[in-house]
Amino acid sequence: MDRTRAQEIIAAYGADVTRWPAAEREAVQALVARDASLRAELAAAAALDCDLALWAMVPVRADDLAATAAADAALARLPAPRRWLPAAAIGGSIAASLVAAVLILPSAGSDPAPVQVAEATPVVAPVQTAQVAQDVQLWGTVFTLTPEEESLI
């Protein structure tokens, strides 16, 4: 048992020895008995335990009880959560992808028919609105690697 682990146990479980891990309890007690600074930390933990116990015994005010009851009633009136919705969306997208793959991909035994493609020059009209500019800037901010991320690649 080292001093650091004893400090961790005191900080995590407080001064009540019965809450300490049983496997380490005796070793921590022996270390605390030899180390004055650990005894001081144990005393501080005991004071904190006392403060927390006193805080837990403070009676709840009546208006706090009324507010809690009103919040519980409001929550009870809310509709039940729709937990199936995300699963249905994911399942539906997978099913649609499979159907699209079956319809688009040629079957194994068929030869694809030659397709004649007409030559056309694409006509692209530049559409630049404030929203498009904002979206482009946001996309660049989100999907541009930082120097730290680039160093990981």
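Filter segment 48-72 down to the residues that are over 30 Å from residue 10 (Cα atoms), surrounded by 10 or more Cβ atoms within 10 Å (Cβ to Cβ) and of a type in the set (A, V, I, L, M), then identify the one that is nearest to the chain's Cα centre (by Cα). Here the answer is 71. Does residue 75 count as at pLDDT below 85, more than 30 Å from residue 10 (Cα to Cα) and surrounded by 10 or more Cβ atoms within 10 Å (Cβ to Cβ)? Against the criterion (at pLDDT below 85, more than 30 Å from residue 10 (Cα to Cα) and surrounded by 10 or more Cβ atoms within 10 Å (Cβ to Cβ)), residue 75 does not qualify.
The values are calculated or read from the model by the stated rules, or taken from the named source; none is laboratory data. If you're wondering where the values come from, they're calculated on a predicted model, not measured in any experiment. All Cβ positions, glycine included, derive from the backbone under ideal geometry; neighbour counts span all protein chains shown.
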